[in-house]
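Asker: Below is the structure I would like to discuss, written out as structure tokens.
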Amino acid sequence: MIDYTTDVGQVRLLIPDTDPTAQLLNDPQIEAFLRLEGSVKRAAAQALDVIASSEALVSKVISMNGLSIDGTKVAGELRARAGELRRQVDDGDDDDSAGFDIVDFNPYAGRGYRSWRAW
């Protein structure tokens with residue numbers, strides 16, 4: 001059973017590598033991506049890039065009995081998904097990099113009181 005509340009589980013959900021009986025990556029590999037990339041979405045993007053490279057190297061274009069598999073097209077789709085995840089992080093849509101800004105707040109501003117910094 002995959003625990004989707006953990007970073008490893010969330011990476012698995014995003015890549016998707018959710019079949020416990022046939023996982024593409026093991027937990028230590030995903031943990032390494034998390035350490036290298038610093039966020040769930042960036043780790044998932046890196047994992048997709050690695051899977052895409054593997055797919056392109058192993059599958060290439062294979063035709064047999066009227067069926068064909070084009071590993072380069074699959075790899076292209078995986079890389080596109082990785083790019084989308086990175087775009088989300090770059091645009092601030094990454095839920096695990098949420099933060100806050102510290103701003104000056106003067107509840108008396110505009111009421112004739114001086115800022116505390118002016119004292």
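Asker: Yes or no: the stretch 34-42 includes at least one residue that is farther than 22 Å from Arg87 by Cβ and of a type in the set (A, V, I, L, M, F, W, C).
Answerer: Among the residues of the stretch 34-42, not one is farther than 22 Å from Arg87 by Cβ and of a type in the set (A, V, I, L, M, F, W, C), which makes the answer no.
Asker: Can you tell me which residues in the stretch 75-86 are at pLDDT 85 or above and more than 15 Å from Val40 (Cβ to Cβ)?
Answerer: Listed by number, the residues that qualify are Arg79, Ala80.
The values are calculated or read from the model by the stated rules, or taken from the named source; none is laboratory data. Predicted model, so just to flag it, every value in this text is computed and none were measured. Quick reminder, even Gly has a Cβ in these numbers, built from the backbone with ideal geometry, and neighbours come from all protein chains shown.
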